[in-house]
Every structure is written in structure tokens, then in C-alpha cells.
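Chemist: Before I ask anything, let me first share the structure, which is written out below as C-alpha cells.
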Amino acid sequence: MTTSDETAPIPHALGDVVITMRQVNKWYGSFHVLRDIDLSVRRGERIVICGPSGSGKSTLIRCLNQLEAHQSGDITVDGVALVPGLAGIESVRREIGMVFQRFNLFPHLTALENCTLAPMKVRGLSRAEAEAAARTYLERVHIPEQAGKYPVQLSGGQQQRVAIARSLCMNPKIMLFDEPTSALDPEMVNEVLDVMIELALSGMTMLVVTHEMGFARRVADRVVFMDQGEIVEQAPPAAFFGEPRNERTQRFLGQIL
Ligand code: ADP
Ligand code: MG
């Protein structure tokens, strides 16, 4: 199924609020990287985050699983307030899958083993249970036949789909994607976007940092534009692309479209 070349937005219902960021600020040393971020995300919602390089997009999503700590403001994920040194942070992280630009697969493990490692270690699944789940998810990302291969034997698009399957094996409630297609050769971008579109259709809550505006138009409930550590504008895709209000958004769209 190829869906990424269609353009009609996909309607769907949203649930209760699952992520809240309120007046969040973060500094790297004296560099103010996130400025008064206010963002709330409902269950099933799909958010696309875009903006110039260095605007704080990666930092924002990394704060949601506390790979980066924020210094002021409140972040709540699935009812848990994220505070420095939170004892339960591992259980929060377990609910949040993350897919990076570089696929970060374990090179010495097969696709299947990449998918079974964390469920066995962290969730305590037996090998048989973990393998059954892993095969289901490798099928969902359309590469069941690659289960026994090592990352080096796979194309970039296949590796990224293994990375998505590996995240899904942990049964996350929320999926974060940080420029998941920007390290791929152009002919592999759609095979990854199609998997992400299917995931969106399944009802997954997704925050996706990407400049793939076709994807944004198709699945995003909201496009969030960041510049210099601020959320400058957020709107549904039709309004965001059709009538951007802020001058910085207009300039950015002028450069990428
Ligand atoms: P984006 O993902 O939008 O490109 P990032 O969140 O990666 O932006 O980075 C925002 C800014 O913070 C950039 O100027 C970057 O150089 C800086 N930065 C990112 N990570 C660190 C770090 N660990 N220490 C210091 N500065 C950082
Ligand atoms: Mg980034």
C-alpha cells in the first residue's frame, strides 16, 4: 500500500490530554534553547514539529522522555509530572518509543534480536513471547523476511523500519520521531513514511520532527513551527500551509516548499 502520495487529511477522533508542557525553559549553559514552551497533546493526536536547524526541535522532544532535563516549567506525560531525578522515569520512558535520524540499531544483533532485546530485559517477556511479538511488528513494517539479517545487510529504509518495529515491541503509548527520514536516500523515504502513516491510522499518539510536508498535510492534526527556541505558530496543516500568520513561518515555508 502506498499512501504517502495521497494528500487528503485523514480524519479521526482525539482522546484526553496525554502530554502537557507549560512554560518550559531549558538552557545549555548560558544558551537559552527552549523558551516558554506551551504544548499539549491529546491521545491519538499527531503533531508535526518543523523549523530551522538549531531551533530546539530535538531538545523539545528529548525533554519528553527526559533524555534532556528542563530547568523550569512543567512537563506531564500520561499523568506523571517529570521532575529532575524522578524515580519513576524508567517507567515513563517505557511508555514512549523514540526513533532517531540515525537508526541506532545494535550492529551485532539481527533485526529480530534488535526487537526482542528490550522486551525480554525490561518487560520480562520470555524469548518465545518476545519473538512472536517481534515477528508481528516486523510484518507490520513490511519486512518479516528480513528478521534474520544484521543491520549492515539491510538498506537504510529497512533499518529504519526495524527501528520502528523495535520501538513498537515495547508497546509504547506515545511515539517520538526525530527526523526519521532525513538520513535516507530519497528513494527510501516513502517506505518509511508509509509505515508511519499506517501507524498514525492505527491511532498512535505521535510527535514527529520532520520537514516532509506531504506527510504533515496527510496525517498531522497540528503543525508546530519552532524558531530560536520558541513555538512561533501552530495550526492544522491546511491553515499552516495555506495562510501562515507569522512572518518567520512564511519565510521558512518559502525556503522549504
Ligand atoms: P534542532 O533539532 O531544531 O536542530 P536542537 O534541539 O538539536 O535543534 O539544538 C538547538 C540548539 O541547541 C542548537 O543551537 C544546538 O547547537 C544547541 N545544542 C543542542 N544540544 C546541545 C548540547 N548538548 N549542549 C550544548 N548545546 C546544544
Ligand atoms: Mg534536531
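Values in this text are rule-based calculations from the coordinates and carry no lab data. Note that this is a predicted model, so its numbers are computed, not measured. Note that each Cβ is placed from the backbone with ideal geometry, even for glycine, and that neighbours are counted across all protein chains shown.
Chemist: I'd like to verify a number: residues in the range 201-215 that are more than 16 Å from ligand 2 (Cβ to nearest atom) and either more than 13 Å from the chain's Cα centre (by Cα) or not in a strand (DSSP E or B) (or both), how many? Lay out the reasoning, then the answer.
Modeler: Initial filter on the range 201-215 (more than 16 Å from ligand 2 (Cβ to nearest atom)): 201-206, 213-215.
With the extra rule that they be either more than 13 Å from the chain's Cα centre (by Cα) or not in a strand (DSSP E or B) (or both), the set shrinks to 201-204, 213-215.
Residues meeting the conditions: 7.
Chemist: Can you tell me which residues in the range 197-237 are of a type in the set (A, V, I, L, M) and either touching a His at 6+ places or on another chain (Cβ under 7 Å) or more than 23 Å from GLU187 (Cβ to Cβ) (or both)? Write out each step before concluding.
Modeler: Quick first cut of the range 197-237, residues of a type in the set (A, V, I, L, M) only: 197, 199-201, 204, 206-209, 213, 216, 219-220, 223-224, 226, 231-232, 235.
Selection gives LEU201, MET204, MET206, LEU207, ALA220, VAL223, VAL224, MET226, ILE231, VAL232, ALA235.
Chemist: Just need a number here: residues in the range 53-98 that are of a type in the set (D, E, K, R) and away from ligand 1 (no atom under 16 Å from the Cβ). Break it down into steps so the answer makes sense when it comes.
Modeler: As a first pass, look at the range 53-98 and keep what is of a type in the set (D, E, K, R): 57, 62, 68, 74, 78, 90, 93-95.
Subsequent filtering for residues that are away from ligand 1 (no atom under 16 Å from the Cβ) retains 74, 78, 90, 93-95.
Count: 6.
Chemist: Now a separate question. Which condition number in (1) under 13 Å from the mean Cα position of the chain (by Cα); (2) without any contact (Cβ under 8 Å) to a residue 60 or more places away in the chain; (3) more than 16 Å from ligand 2 (Cβ to nearest atom) is the one that THR181 fails?
Modeler: Checking THR181 against (1) under 13 Å from the mean Cα position of the chain (by Cα); (2) without any contact (Cβ under 8 Å) to a residue 60 or more places away in the chain; (3) more than 16 Å from ligand 2 (Cβ to nearest atom), the one that fails is (3).
Chemist: Another question about this same structure. In the list ILE174, ILE197, ILE143, which residue meets the criterion of being more than 16 Å from ligand 1 (Cβ to nearest atom), of a type outside the set (D, E, K, R) and farther than 20 Å from VAL41 by Cα? Let's see the steps before the verdict.
Modeler: Working: ILE174 fails: farther than 20 Å from VAL41 by Cα; ILE197 fails: farther than 20 Å from VAL41 by Cα.
Going through ILE174, ILE197, ILE143 in turn, just one is more than 16 Å from ligand 1 (Cβ to nearest atom), of a type outside the set (D, E, K, R) and farther than 20 Å from VAL41 by Cα: ILE143.
Chemist: Also: If I filter the range 145-168 down to residues being polar (S, T, N, Q) and surrounded by fewer than 24 Cβ atoms within 10 Å (Cβ to Cβ), which single residue comes out as farthest from HIS108 (Cα to Cα)? Spell out the reasoning first.
Modeler: Going residue by residue through the range 145-168, those that are polar (S, T, N, Q) are 146, 153, 155, 158-160, 167.
Going one step further and asking which of them are surrounded by fewer than 24 Cβ atoms within 10 Å (Cβ to Cβ), we end up with 146, 153, 155, 158, 167.
On the way: GLN146: 15, GLN153: 11, SER155: 16, GLN158: 16, SER167: 18 Å.
In this case the residue turns out to be SER167.
Chemist: Can you go through CYS63, CYS50 and tell me which one is in contact with a Phe, Trp or Tyr (Cβ under 8 Å, 6 or more places away or on another chain) and in contact (Cβ under 8 Å) with a residue 40 or more places away in the chain? Spell out how you get there, then give the answer.
Modeler: Numbers: CYS63 fails: in contact with a Phe, Trp or Tyr (Cβ under 8 Å, 6 or more places away or on another chain).
Just a single option satisfies the conditions, and that option is CYS50.
Chemist: Touching an Asp or Glu at 6+ places or on another chain (Cβ under 9 Å) and of a type in the set (Ser, Thr, Tyr) - does that describe any residue in the range 115-128?
Modeler: Yes, the range 115-128 contains a residue that is touching an Asp or Glu at 6+ places or on another chain (Cβ under 9 Å) and of a type in the set (Ser, Thr, Tyr).
Chemist: From (1) within 22 Å of LEU154 (Cβ to Cβ); (2) in a loop (DSSP other than H, G, I, E, B), pick out the condition that doesn't hold for MET175.
Modeler: (2)
Chemist: Within the range 225-236, is there a residue that is crowded, with 24+ Cβ neighbours inside 10 Å and touching a Phe, Trp or Tyr at 6+ places or on another chain (Cβ under 7 Å)?
Modeler: The answer is yes; a qualifying residue exists.
Chemist: A further question follows. Having 1 or more residues that are more than 28 Å from GLY254 (Cα to Cα) and within 14 Å of ligand 2 (Cβ to nearest atom) is the bar; report the strands (runs of 3 or more DSSP E) wholly within the range 14-102 that clear it.
Modeler: Values: elements: 17-28, 31-42, 46-50, 72-77, 96-99.
Passing ranges, in order: 17-28, 96-99.
Chemist: Still on this model: Suppose we filter the range 26-52 for residues that are buried (at least 20 other Cβ atoms within 10 Å of the Cβ) and within 12 Å of ligand 1 (Cβ to nearest atom); how many remain?
Modeler: 7
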